[in-house]
1. Quick check on this structure: which one of A62, A25 is of a type in the set (A, V, I, L, M), more than 25 Å from the chain's Cα centre (by Cα) and not in a helix (DSSP H, G or I)?
2. Is it the case, given these coordinates, that N103 is at pLDDT below 90 and either under 26 Å from S42 (Cβ atoms) or surrounded by 15 or more Cβ atoms within 10 Å (Cβ to Cβ) (or both)?
3. Only one of these is polar (S, T, N, Q), over 18 Å from Y143 (Cβ atoms) and in a helix (DSSP H, G or I): T81, T69, T49, T32. Name it.
4. Looking at segment 71-91, which of its residues are at pLDDT 90 or above and of a type outside the set (S, T, N, Q)?
5. Quick one: would you say A89 is loosely packed, with under 14 Cβ neighbours inside 10 Å and among the small types (G, A, S)?
Amino acid sequence: MKRNTRGFTLVEILIVVIILGILAAIVIPQFTNASNDARNNSVASTLQTIRSQTELFKIQHADTPPTITGMWAILTGKSNTTDTQTPVATGVFGPYLQQAPVNPANGKSAVAADSTGGWYYTVSGTTYTISAVNTTNNGYLTY
């Protein structure tokens, strides 16, 4: 009597499932790190843009960086060489940014001198620092 042996045995199916499980265990963690890497790269790129536009503002305004109060209004509006605290309608410089940038790490766009906003900004005379607030609002990403 001749048996028709078509199909897979249980052992063959189990071997294939185990191999797929091992491959999934190797590949899935790499995708979770990719989203964190993308977010960090986005934060670094946005910070670079803010810093370069702030430097341009500083050069055009007698080495004076914008004030923390109304910083996005200053950088998204027009200004002249004498006014570094408020945007003016007939200014000859600017706008430096199209809109207030959102921090990709925590989704906030506010500027603050602490970790309550999306961006940490301090000014002391002619020097300034700007950093991104991290996802848990308890530290800074400087890049």
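The values are calculated or read from the model by the stated rules, or taken from the named source; none is laboratory data. Model, not experiment: these values are computed from the prediction. Ideal geometry is used to build each Cβ from the backbone, glycine not excepted, and the neighbour counts take in all protein chains shown.
1. On the way: A25 fails: not in a helix (DSSP H, G or I).
Residue meeting the stated conditions: A62.
2. Values: at pLDDT below 90: no; either under 26 Å from S42 (Cβ atoms) or surrounded by 15 or more Cβ atoms within 10 Å (Cβ to Cβ) (or both): yes.
In short, no.
3. Working: T81 fails: in a helix (DSSP H, G or I); T69 fails: in a helix (DSSP H, G or I); T49 fails: over 18 Å from Y143 (Cβ atoms).
Answer to the check: T32.
4. Answer for segment 71-91, where residues must be at pLDDT 90 or above and of a type outside the set (S, T, N, Q): M71, W72, A73, I74, L75, G77, K78.
5. Numbers: loosely packed, with under 14 Cβ neighbours inside 10 Å: yes; among the small types (G, A, S): yes.
In short, yes.
One line per residue, one yes/no per condition, for (1) hydrophobic (A, V, I, L, M, F, W, C); (2) in contact (Cβ under 8 Å) with a residue 24 or more places away in the chain:
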{"site": "F8", "(1), (2)": "yes, no"}
{"site": "I13", "(1), (2)": "yes, no"}
{"site": "V16", "(1), (2)": "yes, no"}
{"site": "I19", "(1), (2)": "yes, no"}
{"site": "T32", "(1), (2)": "no, no"}
{"site": "N41", "(1), (2)": "no, no"}
{"site": "L56", "(1), (2)": "yes, yes"}
{"site": "T69", "(1), (2)": "no, no"}
{"site": "W72", "(1), (2)": "yes, yes"}
